[in-house]
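The values are calculated or read from the model by the stated rules, or taken from the named source; none is laboratory data. Everything numeric in this text was worked out from a predicted model, so none of it was measured. In this analysis, Cβ positions are derived from the backbone assuming ideal geometry, glycine residues included, and neighbour counts consider all displayed protein chains.
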Amino acid sequence: MKHLWILVIPLLMVSCGGEVVPKPEGLLRLEYPAPVYKKVQGDCPYSFEMNRLAHLVPKDSCWINLQYPSMKATIYLSYMPVRNNIDSLLRDAQKLAYNHVQKAQGIPEQPFVNPDDNVYGMFYSVLGDAASQSQFYVTDSTKHFLTGSLYFYAKPNYDSIYPAAVYLQKDIRHIMETFSWQE
(Lines give C-alpha, C1' and ligand atoms only; values in the text may rest on other atoms or scores of the structure.)
Protein backbone atom coordinates (compact mmCIF):
# COMPACT_ATOMS: atom_id res chain seq x y z
CA MET A 1 0.00 0.00 0.00
CA LYS A 2 2.87 2.36 0.80
CA HIS A 3 4.30 1.70 -2.61
CA LEU A 4 1.01 2.64 -4.28
CA TRP A 5 1.24 6.20 -2.90
CA ILE A 6 4.70 6.53 -4.32
CA LEU A 7 3.26 5.91 -7.79
CA VAL A 8 0.09 8.00 -7.37
CA ILE A 9 1.70 11.20 -6.01
CA PRO A 10 4.07 11.75 -8.98
CA LEU A 11 1.25 10.94 -11.38
CA LEU A 12 -0.97 13.61 -9.77
CA MET A 13 1.85 16.18 -9.87
CA VAL A 14 2.46 15.61 -13.58
CA SER A 15 -1.24 15.78 -14.47
CA CYS A 16 -1.74 19.17 -12.80
CA GLY A 17 0.52 21.05 -15.16
CA GLY A 18 -0.61 23.64 -17.71
CA GLU A 19 -3.11 26.45 -17.65
CA VAL A 20 -6.78 25.93 -17.04
CA VAL A 21 -8.77 27.09 -20.07
CA PRO A 22 -12.48 27.77 -19.59
CA LYS A 23 -14.87 26.05 -21.96
CA PRO A 24 -16.23 28.53 -24.54
CA GLU A 25 -19.93 29.31 -24.36
CA GLY A 26 -22.06 27.52 -26.89
CA LEU A 27 -24.38 29.55 -29.08
CA LEU A 28 -27.75 28.34 -30.26
CA ARG A 29 -27.71 27.65 -33.96
CA LEU A 30 -31.09 27.99 -35.59
CA GLU A 31 -31.50 26.73 -39.12
CA TYR A 32 -34.67 26.93 -41.16
CA PRO A 33 -35.53 25.01 -44.31
CA ALA A 34 -35.18 26.64 -47.70
CA PRO A 35 -38.45 28.45 -48.43
CA VAL A 36 -40.93 26.92 -50.83
CA TYR A 37 -43.57 29.38 -52.02
CA LYS A 38 -47.15 29.00 -53.16
CA LYS A 39 -49.45 31.55 -54.75
CA VAL A 40 -52.21 33.12 -52.65
CA GLN A 41 -55.15 34.33 -54.66
CA GLY A 42 -58.67 34.56 -53.34
CA ASP A 43 -61.60 36.96 -53.42
CA CYS A 44 -59.40 39.90 -52.45
CA PRO A 45 -58.07 42.39 -55.01
CA TYR A 46 -54.49 41.16 -54.69
CA SER A 47 -52.30 38.07 -54.97
CA PHE A 48 -48.80 37.15 -53.82
CA GLU A 49 -46.62 34.15 -53.01
CA MET A 50 -46.25 32.97 -49.41
CA ASN A 51 -43.93 30.49 -47.72
CA ARG A 52 -45.44 27.02 -47.26
CA LEU A 53 -44.23 27.08 -43.62
CA ALA A 54 -46.85 29.73 -42.88
CA HIS A 55 -50.49 29.11 -42.13
CA LEU A 56 -52.85 31.55 -43.84
CA VAL A 57 -55.60 32.78 -41.51
CA PRO A 58 -58.14 35.00 -43.33
CA LYS A 59 -59.72 37.85 -41.39
CA ASP A 60 -62.44 40.37 -42.28
CA SER A 61 -62.20 42.78 -45.22
CA CYS A 62 -59.30 41.03 -46.99
CA TRP A 63 -57.06 41.17 -43.94
CA ILE A 64 -54.80 38.12 -43.60
CA ASN A 65 -52.51 36.71 -40.94
CA LEU A 66 -49.57 34.55 -42.00
CA GLN A 67 -48.72 32.51 -38.91
CA TYR A 68 -45.37 30.77 -38.48
CA PRO A 69 -45.95 28.42 -35.52
CA SER A 70 -42.41 27.00 -35.47
CA MET A 71 -41.00 30.53 -35.07
CA LYS A 72 -43.83 31.84 -32.92
CA ALA A 73 -44.34 34.73 -35.33
CA THR A 74 -47.08 36.27 -37.45
CA ILE A 75 -47.07 38.62 -40.42
CA TYR A 76 -50.25 40.72 -40.24
CA LEU A 77 -51.51 41.97 -43.61
CA SER A 78 -54.13 44.75 -43.60
CA TYR A 79 -55.86 45.82 -46.81
CA MET A 80 -57.59 49.18 -47.30
CA PRO A 81 -59.11 50.66 -50.45
CA VAL A 82 -57.83 54.07 -51.46
CA ARG A 83 -60.60 56.68 -51.47
CA ASN A 84 -58.81 59.99 -52.03
CA ASN A 85 -56.91 59.27 -48.79
CA ILE A 86 -53.53 58.02 -50.03
CA ASP A 87 -51.71 60.72 -48.04
CA SER A 88 -53.25 59.64 -44.73
CA LEU A 89 -52.68 55.94 -45.50
CA LEU A 90 -49.00 56.62 -46.24
CA ARG A 91 -48.66 58.72 -43.08
CA ASP A 92 -50.30 55.99 -40.98
CA ALA A 93 -48.01 53.30 -42.44
CA GLN A 94 -44.92 55.39 -41.75
CA LYS A 95 -46.18 56.26 -38.25
CA LEU A 96 -46.75 52.56 -37.52
CA ALA A 97 -43.15 51.78 -38.46
CA TYR A 98 -41.71 54.68 -36.48
CA ASN A 99 -43.75 53.89 -33.34
CA HIS A 100 -40.90 51.47 -32.58
CA VAL A 101 -38.19 54.13 -32.67
CA GLN A 102 -37.94 54.34 -28.86
CA LYS A 103 -36.71 50.74 -28.59
CA ALA A 104 -35.12 50.39 -32.02
CA GLN A 105 -31.45 50.95 -32.73
CA GLY A 106 -32.37 52.00 -36.23
CA ILE A 107 -35.10 51.74 -38.86
CA PRO A 108 -33.57 51.53 -42.34
CA GLU A 109 -36.04 52.15 -45.18
CA GLN A 110 -35.90 50.34 -48.50
CA PRO A 111 -38.18 51.64 -51.28
CA PHE A 112 -39.86 49.07 -53.51
CA VAL A 113 -40.88 49.80 -57.12
CA ASN A 114 -42.46 47.35 -59.56
CA PRO A 115 -43.97 49.41 -62.40
CA ASP A 116 -44.85 46.27 -64.43
CA ASP A 117 -47.42 45.21 -61.80
CA ASN A 118 -48.15 48.76 -60.60
CA VAL A 119 -46.86 47.96 -57.09
CA TYR A 120 -44.97 50.59 -55.09
CA GLY A 121 -44.03 50.47 -51.45
CA MET A 122 -41.56 50.69 -48.62
CA PHE A 123 -39.89 48.07 -46.42
CA TYR A 124 -38.83 49.06 -42.89
CA SER A 125 -36.37 46.82 -41.08
CA VAL A 126 -36.61 47.55 -37.35
CA LEU A 127 -33.29 46.87 -35.61
CA GLY A 128 -33.07 46.24 -31.86
CA ASP A 129 -35.42 45.11 -29.11
CA ALA A 130 -38.58 46.56 -30.67
CA ALA A 131 -41.97 44.85 -30.63
CA SER A 132 -42.00 44.48 -34.43
CA GLN A 133 -38.95 43.56 -36.49
CA SER A 134 -40.36 44.58 -39.88
CA GLN A 135 -43.05 46.82 -41.34
CA PHE A 136 -43.98 47.38 -44.96
CA TYR A 137 -46.64 48.69 -47.28
CA VAL A 138 -47.53 48.31 -50.95
CA THR A 139 -49.94 50.36 -53.02
CA ASP A 140 -50.93 51.23 -56.56
CA SER A 141 -51.51 54.84 -55.35
CA THR A 142 -55.04 55.06 -56.76
CA LYS A 143 -57.21 52.13 -55.62
CA HIS A 144 -55.40 49.75 -53.27
CA PHE A 145 -53.24 49.89 -50.15
CA LEU A 146 -51.84 47.04 -48.01
CA THR A 147 -49.68 47.24 -44.90
CA GLY A 148 -47.79 44.42 -43.22
CA SER A 149 -46.20 43.97 -39.80
CA LEU A 150 -44.05 41.18 -38.37
CA TYR A 151 -44.51 40.33 -34.69
CA PHE A 152 -43.09 37.54 -32.53
CA TYR A 153 -44.94 35.95 -29.60
CA ALA A 154 -42.06 36.61 -27.24
CA LYS A 155 -40.48 39.42 -25.29
CA PRO A 156 -38.39 41.40 -27.78
CA ASN A 157 -34.79 40.24 -27.52
CA TYR A 158 -33.08 41.05 -30.79
CA ASP A 159 -30.18 38.63 -30.30
CA SER A 160 -32.53 35.69 -29.72
CA ILE A 161 -34.98 36.33 -32.54
CA TYR A 162 -32.43 37.61 -35.07
CA PRO A 163 -32.17 34.39 -37.16
CA ALA A 164 -35.96 34.07 -37.41
CA ALA A 165 -36.33 37.80 -38.12
CA VAL A 166 -33.86 37.61 -41.02
CA TYR A 167 -35.63 34.53 -42.43
CA LEU A 168 -39.04 36.21 -42.22
CA GLN A 169 -37.75 39.48 -43.66
CA LYS A 170 -36.74 37.50 -46.75
CA ASP A 171 -40.29 36.12 -46.88
CA ILE A 172 -41.68 39.65 -46.64
CA ARG A 173 -39.47 40.81 -49.48
CA HIS A 174 -40.68 37.84 -51.53
CA ILE A 175 -44.28 38.79 -50.78
CA MET A 176 -43.56 42.32 -52.01
CA GLU A 177 -41.72 41.10 -55.13
CA THR A 178 -44.54 38.73 -56.14
CA PHE A 179 -47.40 41.07 -55.17
CA SER A 180 -49.89 42.04 -57.84
CA TRP A 181 -53.26 43.78 -57.87
CA GLN A 182 -56.32 41.98 -59.23
CA GLU A 183 -59.08 43.95 -60.95
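One line per residue, one yes/no per condition, for (1) surrounded by fewer than 18 Cβ atoms within 10 Å (Cβ to Cβ); (2) among the small types (G, A, S); (3) within 22 Å of G128 (Cα to Cα):
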site: V57; (1), (2), (3): yes, no, no
site: S70; (1), (2), (3): yes, yes, yes
site: S78; (1), (2), (3): no, yes, no
site: P81; (1), (2), (3): yes, no, no
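Determine, yes or no, whether V57 is touching a helix residue (DSSP H, G or I) at 6+ places or on another chain (Cβ under 8 Å) and either among the aliphatic types (A, V, I, L, M) or farther than 21 Å from Y158 by Cα (or both).
On the way: touching a helix residue (DSSP H, G or I) at 6+ places or on another chain (Cβ under 8 Å): no; either among the aliphatic types (A, V, I, L, M) or farther than 21 Å from Y158 by Cα (or both): yes.
Answer is no for this residue.
Please enumerate the residues belonging to region 120-139 that are touching a helix residue (DSSP H, G or I) at 6+ places or on another chain (Cβ under 8 Å) and of a type in the set (F, W, Y).
Residues satisfying the conditions are F123, Y124, F136, Y137.
Whether any residue in region 85-93 is under 19 Å from the mean Cα position of the chain (by Cα) and at negative phi is what I want to check. So that I can check it myself, show each step before the final result.
Applying the first criterion (under 19 Å from the mean Cα position of the chain (by Cα)) to region 85-93 yields 93.
Next, only the ones that are at negative phi stay: 93.
Taking every residue of region 85-93 in turn, at least one turns out to be under 19 Å from the mean Cα position of the chain (by Cα) and at negative phi.
Of all residues being assigned to a strand (DSSP E or B) and hydroxyl-bearing (S, T, Y) in region 76-99, which is nearest to S180 (Cα to Cα)? Just the residue, please. Before the answer, list the steps.
Here is the first cut: in region 76-99, the residues assigned to a strand (DSSP E or B) are 76-81.
Still in the running and hydroxyl-bearing (S, T, Y): 76, 78-79.
Details: Y76: 18, S78: 15, Y79: 13 Å.
Only one residue fits best here, namely Y79.
What is the number of the single condition among (1) more than 17 Å from K72 (Cβ to Cβ); (2) out of contact with any Leu (no Cβ under 7 Å at 6 or more places or on another chain); (3) hydroxyl-bearing (S, T, Y) that Y167 does not meet?
Checking Y167 against (1) more than 17 Å from K72 (Cβ to Cβ); (2) out of contact with any Leu (no Cβ under 7 Å at 6 or more places or on another chain); (3) hydroxyl-bearing (S, T, Y), the one that fails is (1).
Note down all Cβ pairs under 6 Å where the first residue falls in region 69-82 and is closer than 16 Å to I172 by Cβ, the second is loosely packed, with under 15 Cβ neighbours inside 10 Å and polar (S, T, N, Q), and they're at least six residues apart or on different chains.
Nothing qualifies.
Among the candidates A154, A130, single out the residue that is in contact with a His (Cβ under 8 Å, 6 or more places away or on another chain) and either part of a strand (DSSP E or B) or in contact (Cβ under 8 Å) with a residue 24 or more places away in the chain (or both).
Exactly one residue qualifies, and that residue is A130.
Among the residues of region 162-183, which ones are more than 11 Å from the chain's Cα centre (by Cα), of a type in the set (V, I, T) and surrounded by fewer than 21 Cβ atoms within 10 Å (Cβ to Cβ)? Reasoning before the result, please.
Of the residues in region 162-183, the ones more than 11 Å from the chain's Cα centre (by Cα) are 174-183.
Subset that is of a type in the set (V, I, T): 175, 178.
Residue satisfying the conditions is T178 alone.
Looking at this structure, is P115 at pLDDT 85 or above, in contact with a strand residue (DSSP E or B) (Cβ under 8 Å, 6 or more places away or on another chain) and surrounded by fewer than 16 Cβ atoms within 10 Å (Cβ to Cβ)?
Working: at pLDDT 85 or above: yes; in contact with a strand residue (DSSP E or B) (Cβ under 8 Å, 6 or more places away or on another chain): no; surrounded by fewer than 16 Cβ atoms within 10 Å (Cβ to Cβ): yes.
No.
Going by the conditions given, is T147 in a strand (DSSP E or B), polar (S, T, N, Q) and modelled with pLDDT of 90 or more? Working first, answer last.
On the way: in a strand (DSSP E or B): yes; polar (S, T, N, Q): yes; modelled with pLDDT of 90 or more: yes.
So T147 passes the test.
Step by step: first the residues of region 130-161, then only those that are farther than 17 Å from Q110 by Cβ and of a type in the set (S, T, N, Q), then the one that is surrounded by the most Cβ atoms within 10 Å (Cβ to Cβ). Which residue is that?
Among those residues, the one meeting the criterion is S160.
In region 54-64, what residues are under 18 Å from V36 (Cα atoms) and free of Cβ contacts under 8 Å to residues at least 60 places away in the same chain? I'd like the intermediate steps shown before the answer.
Kept after step one, since they are under 18 Å from V36 (Cα atoms), are these residues of region 54-64: 54-56.
Listed by number, the residues that qualify are H55, L56.
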